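Asker: One structure follows; several queries about it will come next.
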Amino acid sequence: MHIFSFKLEVLMTDIALPAEPYLLSQEDFSNLRGTQYIDFLKYIADHVSPQSYFEIGTETGRSCKQFTCPSVCVDPQFRLTEDIISGKTELHLFQMPSDVFFRSRRLGKIFDEGIDICFLDGMHRCEYLLRDFMNAEKHCHSRSLVLLHDCMPRNQRMALRTHEIGTEEEGEDTRYAWTGDVWRVVPILMKYRPDLKISLIDCPPSGLVAISNLDPESTVIEKNYANIVREMHALSFAASPFETYPHQPTLISSAGLIAKPEDFSLLFNIW
Ligand SMILES: C[S@@+](CC[C@H](N)C(=O)[O-])C[C@H]1O[C@@H](n2cnc3c(N)ncnc32)[C@H](O)[C@@H]1O
């Protein structure tokens, strides 16, 4: 394992979380007024200095572009609009669905020491994201950070499995945004994987979920996959995904954390 330039061995369980300035209440979370997710990814790339980046769902390449380390991107239909190499010594693009990519077993050959940062932003349906997480975790190490996009829909329309644009009354802020039902993965991981450290970050337009303390040996989801997917589909979204969580996750202000980067390692088990 070769993650990051820092060698400080800090165990989350030994340290009480500081109360300020970046912990939020659930009310603060209703509008997601933090740092745009792309800018927050750039902050992570700059602050954490990962040695490897893995991304599912690349589209134009805006997210991948923020990272300068060796990277692997998977998307069945790339729509690259600019240079996303941005100083990387290696950039591997796989134009195929993520399930096909994982079957090819290429990731372990490229990143034989595991992935430091993983961004999951592919198909907007919960069973796909659950599989992407399950398959990506096999390539993580205990100090990897996995980020899930779009798991904080702001209303029921955004969270539909089919892509529908909102009415004018909804407002320009969210009218064109669509997250699908990937929000369902978060309560399921909280229930079935209490060993994971799950935090929500207030990045507009639809939140980032940060997961650390990953376990590449875990088989809990794989062994119970069919039942878990059934249970996941039975979850109902009322006013917000918070109502489906078995417990309150750590809620983080992105701007607050950017202002206090030295506390990053207290919030996520990454170095
Ligand atoms: C929201 S876009 C990604 C945006 C990008 N990460 C960013 O931040 O700019 C979602 C992408 O997921 C891709 N996608 C859809 N189904 C997929 C699958 N089964 N496996 C991998 N990617 C998929 C789509 O082609 C699309 O480009």
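Asker: For a footprinting-style exposure proxy, rank Leu235, Leu257 by other Cβ within 10 Å, fewest first. Don't skip to the end; give the middle numbers.
Answerer: Working: Leu235 15, Leu257 25.
Going from sparsest to densest Cβ surroundings: Leu235, Leu257.
Asker: Still on this structure: Along Cα→Cβ, 7 Å out, is where each label goes; now give me the distance between the ones at Asp215 and Arg33 in nm to one decimal.
Answerer: Each label point lies 7 Å from its Cα, and together they span 3.9 nm.
Asker: Measuring from centroid to centroid over Cα atoms, what is the spacing of region 173-208 and region 77-133 in Å?
Answerer: So the two Cα centres are separated by 19 Å.
Asker: Then there's this: Please arrange Thr219, Thr58 by counting, for each residue, the other beta carbons lying within 10 Å of its beta carbon, fewest first.
Answerer: The most exposed by this proxy come first: Thr219, Thr58.
Asker: Based on the mean of other beta carbon atoms within 10 Å per residue, what is the order of 223-230, 152-159, 30-37, most packed first?
Answerer: On the way: 223-230: 12.6, 152-159: 21.2, 30-37: 18.2.
Ranking, from highest mean packing down: 152-159, 30-37, 223-230.
Asker: Something else now. How are the C-alpha pair distances of region 119-271 spread across 10 Å bins, as whole percents from the shortest bin up?
Answerer: In order of increasing distance, the bins hold 11, 41, 35, 13, 1 percent.
Asker: Treating the beta-carbon of each Lys and Arg as +1 and of each Asp and Glu as -1, no other charges, what is the dipole magnitude of region 83-149 about its Cα centre, to the nearest 20 debye?
Answerer: On the way: 9 positive and 10 negative charges, 46 e Å.
Result for region 83-149 is approximately 220 debye, rounded to the nearest 20.
Asker: Also, quick follow-up: Tell me which DSSP H helices of the chain clear both cut-offs, 15 Å or more of axial length from alpha-carbon atoms and a mean Kyte-Doolittle hydropathy of at least 0.0.
Answerer: Numbers: long enough: 37-48 (16 Å, 0.41); 126-137 (16 Å, -0.27).
In the chain, the long hydrophobic H runs are 37-48.
Asker: Suppose every K and R has +1 on its Cβ and every D and E has -1 on its Cβ; what is the size of the dipole of region 21-267 about the Cα centre, in Debye to the nearest 20?
Answerer: For this selection, approximately 620 debye.
Asker: Which three numbers, in whole Å and largest first, are the semi-axes of the equivalent ellipsoid of the chain derived from its Cα gyration tensor as √(5λ)? Intermediate values should be presented prior to the final figure.
Answerer: Details: eigenvalues 126, 101, 81 Å².
Equivalent ellipsoid semi-axes, largest first: 25, 22, 20 Å.
Asker: While we're here: For Lys88, which lysines qualify as cross-link partners when the Cα separation must be under 29 Å and same-chain residues fewer than eight apart are set aside?
Answerer: Qualifying lysines at Cα under 29 Å: Lys7, Lys42, Lys65, Lys109, Lys138, Lys260.
Asker: Counting helices only, and only those DSSP H runs with n ≥ 4, report the 222 nm mean residue ellipticity of the chain as the sum of -39,500 (n - 2.57) divided by its residues, in deg cm²/dmol to the nearest 500.
Answerer: Working: 10 runs with 71 residues, N = 271.
-6500 deg cm²/dmol, from helical runs alone.
Asker: Ok, one more. Placing unit charges on C-beta atoms (Lys and Arg positive, Asp and Glu negative, everything else neutral), compute the dipole magnitude of region 152-271 about its Cα centre in debye, rounded to 20.
Answerer: In total the dipole reaches around 340 debye.
Asker: Specify which residue in the list Leu80, Ser49, Pro187 is farthest towards the positive end of the charge dipole of region 21-267, using unit charges on the beta carbon of Lys, Arg (+1) and Asp, Glu (-1), about the Cα centre.
Answerer: Value computed over the given set: Pro187.
Asker: Let me ask something additional. Along each principal axis of its Cα atoms, how long is region 81-156 end to end? Whole angstroms, biggest number first, please.
Answerer: The Cα atoms of region 81-156 stretch 42, 31, 26 Å along the principal axes, largest first.
Just so you know, all these numbers are worked out from the coordinates, no wet-lab data involved. Since the model is a prediction, treat every value here as computed from it, not as a measurement. When we count neighbours, we look across all protein chains shown, and the Cβ atoms used for this are built from the backbone with ideal geometry, even at glycine.
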